[in-house]
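The values are calculated or read from the model by the stated rules, or taken from the named source; none is laboratory data. In this text, all values refer to a predicted model and were calculated from it rather than measured experimentally. So basically every Cβ, Gly included, is an ideal-geometry build from the backbone, and we count neighbours across all protein chains shown.
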Amino acid sequence: MSPPVLQAQGLVKRYGHVVAMDDCDFELGAGEILAVIGDNGAGKSTLIKALSGAVIPDAGEIRLDGRTVAFQSPIEARRAGIETVYQNLALLPALSIVDNMFLGREIRSPGFIGKWLRRLDREEMRKVARKNLTELGLLTIQDIDQAVETLSGGQRQGVAVVRAVAFGSKVVIMDEPTAALGVREGRRVLDLIRQVRDRGLPIVLISHNMPHVFEVADRIHVHRLGKRIATLDPTDVDMSDAVAIMTGAIEPPPQDKPAL
Amino acid sequence: MHPVRFDHHPVGGILRFQRFLHSKPTAAPLMVLLLSLIAFAFIAGERFFTPFNISLIIQQVTVIGILGAAQTLIILSAGIDLSVAAIMVLSSVVMGRIGVVYGLPIEIALLAGFAAGSACGFLNGLLITRLRLPPFIATLGTWSVFFALNLWFSEAQTVRSADIDRLAPVLKFFGERVGIFGAQLTYGSFLMLGLFALLWYVLNWTAWGRRVYAVGDDKEAADLAGIRSDRMLLSIYTVAGLICALGGWVAIGRLGSVSPQSFYEGNLDAITAVVIGGCSLFGGRGSILGTLIGALIVGVFRSGLKIAGVDVLWQEFTVGALIIAAVAMDQWIRKVSA
């Protein structure tokens, strides 16, 4: 594995008597797609929320680029360069593509009108949005002032991914990006994910879709009972073994735990 | 790197019209306004279509227009404020009592009025964001609370016109008229038009304005996208309260006196203007200029029907029908996103 960008050690999170994370470790290497798989209730989303700032772990340590971080909110994680594409996308349907991309981090005009009249620099925002959409090949979105609700499911996913990539300087987390899509649009989103990786941005991909996971992932983090029980190389194991390990039907292969 | 392509679907005629109305929320109310002006020019005769009568309509909708502007901010945020008129009257009572009855300097009276209005809006915002009350219930409660405070502070007494003229004539500033080509406009009318222009700018050209739409469109998504929605809502209700206080000052000029019993149903008239103006009661959709047009539509219908000699009850009937038509239209337009 390449040097880790984002790592976590010994994460614990309890909700009353329920232990959602139980001494959980995590590593994401530079420029890789790491798939996180696990059965329902295994605690995947708690882990992801801890990494993206939505959950504050009771114990353990998270490091970004080797530096210890302790996010108190998703906004702090975003500021540190970790962007999350939520399963519901967190797009505002009535707002335009540009407005959505810059929501919460709008660009104001230079000089007096920006500082005192608080005027938005729409031209600049359009330019940046268009540049990012074009770079990721979302060329068919012609009018970036059109409302997001007029887009197809795949296009919306595309906008959410582009937004994350445009601002995520270190890590992009994607929660079930293909779950709501048809076969063809799902394929296109997988292409998009690869393109993001090829630009050098590491991706954490949470997915239930094993064919998709095996198609794009460089490594697979298997989550079970609140912790990582194995890290698999998708070229070494086949899909049914991965599912068997995930569900506890077979023992995971011996792991060489990378030193932190 | 190869481009990722997603399919486009062809669009038919009616659907295209629906999309047009969807992307231009003021188009439908503007058409209704123009058609009703033309219709009443024929029905009500030449007494209707004079500069004087048109300017009278603008004067008549001034106070409701300002309340409608405040209400628009709130409805865009997917809320509703039943207390806008009560806030307005309370603010005008505070201005009138402090400036005339207590005889304090006018600047203090006005500041106190604005502070009262903002505080009322802030309280609404707190109830909605901290206690998580639905806006309808929270403001139904504060409507009565503010109305009672208004009766208490005013001792249920009207501040008379002559006393205002003598002690604090500035309070009636917005009622003063200027004549242009036979039209009679008040400073209040100009203030209302200026307020709409300002809010249009704020809603379309500032981050705060875009966030008003975002919070109203989908609060959870806005939170995930990094907006602090509750803080936004608090600021929206406070700004709405401030605008209501401004409406209170204008209302003193309009009425000539400060009456605690005035505009009791002004909140409903304001909601009417917003809804006829094409704002969706589900939030996130609509235009502030639509509310101005909506208020003018109501004014045009009332004036036209009156000049045509139609009974007042049919004016009410027509306004009711307009509301129903506007909301039905909104339901249809919103289906675009489905």
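The table below gives the values:
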quantity: Breaking point among (1) modelled with pLDDT under 90; (2) more than 27 Å from residue A:204 (Cα to Cα), for residue A:73; calculated: (2)
quantity: Number of the exception - residue B:5 against (1) modelled with pLDDT under 80; (2) in a helix (DSSP H, G or I); calculated: (2)
quantity: Residue B:174 being modelled with pLDDT of 95 or more and touching a Ser or Thr at 6+ places or on another chain (Cβ under 8 Å); calculated: yes
quantity: Residue A:201 vs. criteria crowded, with 17+ Cβ neighbours inside 10 Å, in a helix (DSSP H, G or I) and either more than 14 Å from chain B (Cβ to nearest Cβ) or touching a residue at least 24 places away in the same chain (Cβ under 8 Å) (or both); calculated: no
quantity: Selected residue (only one of B:303, B:235, B:257, B:262 is surrounded by fewer than 24 Cβ atoms within 10 Å (Cβ to Cβ) and touching a strand residue (DSSP E or B) at 6+ places or on another chain (Cβ under 8 Å)); calculated: B:257
quantity: Identity of the residue in region B:8-49, over 30 Å from residue B:72 (Cα atoms) and among the β-branched types (Val, Ile, Thr), that ends up modelled with the highest pLDDT; calculated: B:43
quantity: Output for region A:105-141, where each listed residue is more than 9 Å from chain B (Cβ to nearest Cβ), part of a loop (DSSP other than H, G, I, E, B) and at pLDDT below 90; calculated: A:116
quantity: Single condition residue B:199 does not satisfy, out of (1) over 15 Å from the mean Cα position of the chain (by Cα); (2) within 14 Å of chain A (Cβ to nearest Cβ); calculated: (1)
quantity: Residue B:233 vs. criteria in contact with a Ser or Thr (Cβ under 6 Å, 6 or more places away or on another chain), touching a residue at least 24 places away in the same chain (Cβ under 8 Å), of a type outside the set (Phe, Trp, Tyr) and assigned to a helix (DSSP H, G or I); calculated: yes
quantity: Conditions (1) in contact with an Asp or Glu (Cβ under 7 Å, 6 or more places away or on another chain); (2) under 30 Å from residue A:44 (Cα atoms); (3) assigned to a helix (DSSP H, G or I); (4) more than 8 Å from chain B (Cβ to nearest Cβ); number of the one not met by residue A:87; calculated: (3)
